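Asker: This is the structure, below, for whatever I ask next.
The values are calculated or read from the model by the stated rules, or taken from the named source; none is laboratory data. Everything numeric in this text was worked out from a predicted model, so none of it was measured. Cβ placement follows ideal geometry from the backbone for every residue including glycine, while neighbour counts extend to all protein chains displayed.
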Amino acid sequence: MIYPLVRDLAEDGFPVTVTCRVLKFSTQNYYRWLKSPITKRDWDNAHLTNAAFDAHQNDPAFGYRFISDELEVAGHVASERRVWRLCSEQQLWSSFTKKSKLYKKAGPAVHDDHVQREFTASRANELWLTDITEHRTNTGKLYLCAVKDVYSNRIVGYALDERMKASLAVRALRNAIMLRQPQGTVVHSDRGSQFRSKAYVRTLRNNGLVGSMGRVAAAGDNAAMESFFSLLQNNVLDTRRWQTREDLHLAIVTWIESKYHRRRRQRVLGRMTPIEYETLELALKAA
């Protein structure tokens, strides 16, 4: 607001009428503001801005839409457009960056494509997606293989290692199987050599799972896991320079289990967290 400038100039001897004429706004409006410098709207905006700062500080990856969701949950009443304006004024932008490029040797598919880019599910353990990403530390790279349930976006299995071997993908899949005990689940991946290995294919078959593979360099397949990996990049990797793989390993596990699963609300889940969404499903089935 420019009115405080008019007041300061008036105290220095500049006529209010001249200043208002130069700045091209009403003298009458200035005097109205002078009687009540802080309006209720200004007061409300200040509270909303403080709450938006808190939400953004809690998760730098939050853009205005996620901040708007957090404000609503906290009991604030504000339109999404208003939140966007306040975030724009304070430059509260999502610290979104693209996933680091990762080379994985691709070859012929060992499974049919049972998904056909329809990344939706009507129940838990109907469709899982899996992929691998890498993260740098001062002692070398750390690789993460994650398995995501499309129904709730929960990471149902993951594994970390200093080498990107087939055993990494197998351990992530086995962890998911131990947690969920699925039957007939479609597990979709790209054509990386880790997912085409005999050990991985055998693990699928022995546990009653159905392998699925997309086309080579299929952008849609990558995008299905991109949101999770991008959040991980911004909330863990980019927050500091990691000295050791052990430090980063602990940070990744802590973020997945304590923040992503239990605190990060997702619009596709009706503004619930993955854990809340699955808990609601169980409650509805038991009713």
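Asker: Of everything in region 118-151, what is surrounded by 14 or more Cβ atoms within 10 Å (Cβ to Cβ) and at positive phi? Give them in sequence order.
Answerer: Within region 118-151, 125 is the sole residue that qualifies.
Asker: Please find, among 10, 52, 61, the residue that is at pLDDT 75 or above, in contact with a Leu (Cβ under 7 Å, 6 or more places away or on another chain) and either assigned by TED's automatic domain parsing to the domain that holds residue 85 or surrounded by 11 or more Cβ atoms within 10 Å (Cβ to Cβ) (or both). Please lay out each step first, then the result.
Answerer: Working: 10 fails: in contact with a Leu (Cβ under 7 Å, 6 or more places away or on another chain); 61 fails: at pLDDT 75 or above.
Matching residue, one of 10, 52, 61: 52.
Asker: Also: So which of 112, 161 ends up being modelled with pLDDT of 80 or more, acidic (Asp, Glu), over 16 Å from the mean Cα position of the chain (by Cα) and surrounded by 16 or more Cβ atoms within 10 Å (Cβ to Cβ)?
Answerer: 161
Asker: Here is a further query. Tell me, which residue of region 69-83 that is surrounded by 13 or more Cβ atoms within 10 Å (Cβ to Cβ) and within 18 Å of residue 42 (Cα to Cα) is modelled with the lowest pLDDT?
Answerer: Here the answer is 71.
Asker: May I pose another question? For region 264-278, which positions are of a type outside the set (A, V, I, L, M), modelled with pLDDT of 90 or more and under 18 Å from residue 73 (Cα atoms)?
Answerer: Hits for region 264-278 are 273, 274, 276, 277.
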